[in-house]
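Undergrad: Submitted below is the structure of interest, expressed as structure tokens.
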Amino acid sequence: MSTFAGSNSDILKLQPKLIVHGGAWNIPAAYEQDHLHGVQTAVSEVYPQLLAGASALDAVEAAVRILEEDPTFDAGRGAFLNEAGQVELDAMIMDGATLQVGAVAALQNVLHPVSVARRVMEKTEHCLLVAEGALRFAKSMGFEELAPEELLTARELKFFEEIKNQEGFKTHHPFLNAPSDTVGAVALDCFGNLAAATSTGGTARKMVGRVGDSPIPGAGAYADNALGAVSATGWGESIMRVLLSKTVCDLFENNEAMEAARMGIEHLAQKVQGFGGIIGISAKGHYAFSHNTPKMAFCFADPDGSTNAFIKCPR
């Protein structure tokens, strides 16, 4: 929990906010309900914790952990396989109050990389650990190293067998019809602090050791109490090239939240022909979301705790 100087009467309690996403691609109709159920579950289980005084950091970690456990999504259990048939996971978490960040990349055999990322932030002097070093650190923090098959789903194994020898295959091709993608969460707590977190298994048949946008501060996520907080999803190589999450946070300063989100996605498309989506909360406490893919699964909480889940941005 965040701490503040002064008496309780000095603390202005704000209305908490929580928004999560489960990927921005052409989600097949057969998987839409699974995506909607997944993001709605994360919000409905975590938002009451925010109302009870949980920190934004605790909220985004808890929400992403729920999504990492859900095999619907490309994060934790259910992640895509790399070219060697392995699961390599990336994640980051960022504290808008302090600008502290923790991240892991190419981490194998751990169900909750977002929690390992938080330990990197809180228990080391570093921001990012990768591959064997990330796994060694995770184990030192008490995280269980799982057998690879515990993270592997039959759906992803079948998909890998279909694409592993395809001629002319590009890593962004599967997302046009893939059943899963990156997950993320953004929260504002009752003390006015913001946080963001993102977690992914990356792209299908990626090179061993490939790292996308998700664990890169400013790309896969960003949080600054003075601006806002954002989590991104989509084609990671394009998102990295424009630092999409930081770009949208900067746009919050002089634009309405939804307009900033739209402008950020337009920038992604125009500058690097990229595609993806973002969710966010501005420093003023307004939700933001936009995508230029056919669909994006996301959900946010109303003040009364009711949830709003969508597979596309409402018009």
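Since every read-out is calculated from the coordinates, none of them should be taken as a lab result. Here the structure is a predicted model, which means the values were calculated and not measured. Every residue, glycine among them, receives a Cβ derived from its backbone with ideal geometry; neighbour counts consider all protein chains shown.
Undergrad: What does the charge count near residue 218 come to, summing +1 for each Lys or Arg and -1 for each Asp or Glu among other residues with Cβ under 12 Å from its Cβ? Before the final figure, lay out the partial values.
TA: Details: positive: 241, 246; negative: 213, 224, 250.
Combined, the nearby Lys, Arg, Asp and Glu give -1.
Undergrad: Ok, one more. Mind giving me the FRET efficiency for residue 45 and residue 273? R0 is 41 Å, r the Cβ-Cβ distance, nearest 0.05 is fine.
TA: 0.65
Undergrad: Just want the answer: with Cβ charges of +1 for Lys and Arg and -1 for Asp and Glu, which residue in 254, 287, 190 is farthest toward the dipole's positive end in the chain?
TA: Sorting the options by dipole projection puts first 254.
Undergrad: Same structure again: Can you tell me the orientation of helix 154-163 relative to the chain, as the angle in degrees between its alpha-carbon axis and the longest Cα principal axis, to the nearest 10?
TA: So the inclination is approximately 60 degrees.
Undergrad: Viscosity 1.306 mPa s, temperature 10 °C: what is the translational diffusion coefficient of the range 1-138 from Stokes-Einstein with a Kirkwood Rh over Cα pairs, rounded to a whole number of µm²/s?
TA: 97
Undergrad: A further question on this structure: Cα-Cα pairs above 19 Å in the range 62-152: how many percent?
TA: I get 34 percent for the Cα pairs in the range 62-152 exceeding 19 Å.
Undergrad: Calculate, axis by axis, the spread of Cα positions in the range 264-307 along the three principal axes, and write the results as whole Å, longest axis first.
TA: 39, 24, 7
Undergrad: Starting from the Kirkwood radius over alpha-carbon pairs of the range 10-71, derive D by Stokes-Einstein at 10 °C in a medium of 1.306 mPa s and give it in µm² s⁻¹.
TA: Values: Rh = 12.7 Å.
D = 125 µm²/s.
Undergrad: Given a Förster distance of 30 Å, report the FRET efficiency between residue 125 and residue 237 from their Cβ-Cβ distance, rounded to the nearest 0.05.
TA: On the way: r = 29 Å, r/R0 = 0.97.
After rounding to 0.05, the efficiency reads 0.55.
Undergrad: Express the C-alpha Rg of the range 205-315 as a ratio against the empirical globular expectation 2.2 N^0.38 Å, rounded to two decimals.
TA: Taking the Cα Rg and dividing by 2.2 N^0.38 Å, one obtains 1.04.
Undergrad: Let's see if you can work this out: charge +1 on each Lys and Arg Cβ, -1 on each Asp and Glu Cβ, no other charges. What is the dipole magnitude of the range 196-315 about its Cα centre, in debye to the nearest 20?
TA: The dipole of the range 196-315 has a size of about 580 debye.
Undergrad: About the Cα centre of the chain, how large is the charge dipole given +1 on each Lys and Arg Cβ and -1 on each Asp and Glu Cβ? Please answer in debye to the nearest 20.
TA: So the dipole magnitude of the chain works out to roughly 460 debye.
Undergrad: What angle do you read, to the nearest 10 degrees and between 0 and 90, between the alpha-carbon axis of helix 56-69 and the longest principal axis of the chain?
TA: 20
Undergrad: In vacuo Debye scattering of the chain, one point per C-alpha: log10 I(q)/I(0) at q = 0.06, 0.07, 0.08, 0.12 Å⁻¹?
TA: For the requested q values the scattering log ratios are -0.17, -0.23, -0.30, -0.69.
Undergrad: Give me the distance between the Cα centres of the range 63-134 and the range 259-276, rounded to whole Å.
TA: Measuring centre to centre over Cα atoms gives 25 Å.
Undergrad: Helix 257-272: angle to the longest alpha-carbon principal axis of the chain, degrees 0 to 90, nearest 10?
TA: Value to nearest ten degrees: 30.
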